[in-house]
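First the structure, in the form of structure tokens, and then the observations on it.
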Amino acid sequence: MNADQARQLLERALDEAREAIGSAASLEDLEAARRGFGGKRSPVSQVNESIKSLAPEDRPVVGKAVSAYNAALGDLVDARRDELQVSARDAARVRDAIDLTEGGHGRRRGHLHVVTQVQRELEDVFVGLGFQVAEGPEVETDWYNFEALNMPPAHPARSMWDTLYVRLGRPEQVMLRTHTSPVQIRVMETRKPPIYTVMPGRAYRKETLDARHSPVFHQIEGLVVDRGITFGDMAGTIEAFTRAYFGPDKTSRLRPSFFPFTEPSAEFEVTCTFCDGAGCSVCSRTGWIELGGCGMVDPNVLRAVDIDPEEYSGFAFGFGLDRMAMDRHDIDHIKTFFEDDVRVLEQF
Ligand code: PHE
């Protein structure tokens, strides 16, 4: 072999190598092509072997041609390897992709509990009337649940609420709140008038479970304290709320009642939503459904939180949410709300 033959051989080999490498479909194909055109029995290794038998002046020329061939082969292999790796990654990405629009594996999205829905709607109505929303603890002390609400120890009115006490501290000093009214005290302790606040939450009473009574239930409390607040403001607020929540064809009325923390006190009723006031079995033929209690904040309650009753007056109201949710959806037992049977709850 002379220098020309060697160069021609390498040129042809490089053309073939370019062809083979370009069509290598996998990293294994590519490695086979690299060995075939660069390994022990390849054309280039024959040329390399023959260098020592060449004329001395041809040796460096052929030696350079061999290096150039090796470098070119290396570049071709590197370039093809990059291409194959990129397409392998692309293929894997397609193969392993998770279709996030597919909706998961039978998992369904839940929604708010039906009582929470009623609570949120009521909050929205009152926020629309200019009220703020506040919350308080469910475990209360005697001061907040009774004493500050104008019921000193042993006051007979305490028996209006069958209380569940917590074994903590002195006997009968810590309890599950029997109504949301203690939050009135907490709000007035931390904020100076004007106060326009609603306070939703859970309350507890030692009550036997029946269709419409449960030892755990929900209430929303309202409190307004400002200069010059009158009984007329209270009646107007209750009427505005009634129309906003139950609809403009419904109205409200007040009937005399008693609560230790309000004076005068009233019960408020709204047009029966079942018969529109005509009288039916739900409203005992009266056309009205009793919703809750209300009244002008007793001066003793204002004094308990250092608000001057000569300067300020106010009103408060409170009513239950569970029966509202029951009546709205024709649910006949209050236990439906805390049995947590998803098949039932998902219907509302
Ligand atoms: N807290 C009273 C109850 O649960 C309701 C009420 C609230 C009455 C506010 C008057 C003023 O029975």
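When the convex hull of the C-alpha atoms of segment 129-177 is computed, what volume per residue in Å³ does it have? Mind dumping the intermediate values first?
Working: hull volume 5.2 nm³, N = 49.
It is 105 Å³ per residue.
In whole Å and largest first, what semi-axes does the C-alpha gyration tensor of segment 3-96 yield when each eigenvalue is scaled by 5 and square-rooted?
Working: eigenvalues 224, 21, 17 Å².
Square roots of five times the eigenvalues give 33, 10, 9 Å.
What do you reckon, how do S159, S87 stack up by accessible area (1.4 Å probe), largest on top? Please report the intermediate quantities before stating the final value.
Details: S159 90, S87 60 Å².
Accessible-area ranking of S159, S87, largest first: S159, S87.
Taking H placed 1.01 Å from N in the peptide plane, check which residues at least 5 places from F259 or on another chain put their amide H under 5 Å from its amide H.
Distant-sequence amide H within range of F259: S265.
At a Cα cut-off below 20 Å, give the lysines reachable from K64, other chains included and same-chain residues fewer than 8 away excluded.
Counting by Cα, and skipping residues close in sequence, K64 has these lysines nearby: K40, K52.
Spin-label point model (7 Å from Cα, Cβ direction): what's the A32 to V94 distance in nm?
Here the answer is 2.4 nm between the modelled labels.
Out of K192, K335, K64, any idea which swings most in a Gaussian network model of the chain, alpha carbons joined below 10 Å?
Per the Cα network of the chain with a 10 Å cutoff, K64 tops the list.
How many nm separate the modelled label positions at R285 and S159, each set 7 Å beyond the Cα in the direction of the Cβ?
3.3
Using only alpha carbon positions, build the gyration tensor of the chain, then give the equivalent ellipsoid semi-axes as the square roots of 5 times its eigenvalues, largest first, whole angstrom.
Details: eigenvalues 1648, 115, 75 Å².
Sorted largest first and rounded, they come to 91, 24, 19 Å.
What's the FRET efficiency of T101 with V342 using the Cβ-Cβ distance as r and R₀ = 30 Å, to the nearest 0.05? Write out the running numbers ahead of the final one.
Values: r = 25 Å, r/R0 = 0.84.
So, using R0 = 30 Å, E works out to roughly 0.75.
Rule-of-thumb check for segment 290-348: C-alpha Rg over 2.2 N^0.38 Å?
Values: Rg = 18.8 Å, N = 59, 2.2 N^0.38 = 10.4 Å.
Segment 290-348 yields a ratio of 1.81.
Which values of log₁₀ I(q)/I(0), to two decimal places, follow from the Debye formula for segment 22-162 at q = 0.10, 0.11, 0.13 Å⁻¹ with a uniform point scatterer at every Cα?
Debye curve over Cα of segment 22-162, log10 I(q)/I(0) at q = 0.10, 0.11, 0.13 Å⁻¹: -0.70, -0.77, -0.88.
Compute all pairwise cysteine Cβ distances in the chain, then list the cysteines with no distance under 4.7 Å to another cysteine.
Taking the Cβ cut-off of 4.7 Å, the unpaired cysteines of the chain are C294.
Can you send over the carbon and sulfur percentage of the accessible area for the chain, probe radius 1.4 Å, protein chains only? Write out the running numbers ahead of the final one.
Working: 9790 of 19540 Å².
That fraction is 50 percent.
Run the helix sum for the chain: -39,500 (n - 2.57) per DSSP H stretch of 4+ residues, divided by residue count, reported at 222 nm to the nearest 500 deg cm²/dmol. Don't skip to the answer; put the middle values down first.
Numbers: 11 runs with 140 residues, N = 348.
When only DSSP H runs of four or more count, the value is -12500 deg cm²/dmol.
Please compute the length gained on full extension between T273 and D332, using 0.36 nm multiplied by the number of residues separating them and subtracting their Cα-Cα distance.
Values: separation 59, 0.36 × 59 = 21.24 nm, distance 1.56 nm.
Going from the current span to full extension adds 19.7 nm.
Among the GluC sites (Glu not before Pro) in segment 12-92, which ones are in a DSSP loop with at most 11 other Cβ atoms within 10 Å of the Cβ? Mind listing them? Could you put the intermediate results ahead of the total?
Working: sites: E16, E19, E28, E31, E49, E57, E83; in loops: E57.
Loop-located and lightly packed - E57.
GNM, the chain, Cα, under 10 Å: largest mean-square fluctuation among Y204, Y165, Y69?
Highest fluctuation of the listed residues: Y69.
What does the extension gain come out to for R109 and S23, with contour length at 0.36 nm per residue minus their alpha carbon separation? Let's see the in-between values first.
On the way: separation 86, 0.36 × 86 = 30.96 nm, distance 5.07 nm.
Full extension of this stretch gives 25.9 nm more.
State, to one decimal in nm, how far the label point of D4 lies from the label point of H213, with both points 7 Å from Cα in the Cβ direction.
Label-label distance for D4 and H213, simple model: 12.0 nm.
Counting only heavy atoms of protein chains, what accessible area per residue, in Å², does segment 224-348 have with a probe of 1.4 Å? The partial results should precede the final answer.
Working: 6050 Å² over 125 residues.
Accessible surface, normalised per residue, equals 48 Å².
Rolling a 1.4 angstrom probe over the protein heavy atoms, how many square angstrom per residue are accessible across segment 51-150?
On the way: 6630 Å² over 100 residues.
Per-residue accessible area for segment 51-150 comes out at 66 Å².
The values are calculated or read from the model by the stated rules, or taken from the named source; none is laboratory data. Bear in mind the structure is a predicted one, so any value in this text is a computation, not a measurement. All Cβ positions, glycine included, derive from the backbone under ideal geometry; neighbour counts span all protein chains shown. Each accessible area value is taken on the protein alone, full model and side chains, heavy atoms only, with ligands, DNA and RNA left out. Shrake-Rupley method; radii C 1.70, N 1.55, O 1.52, S 1.80 Å.
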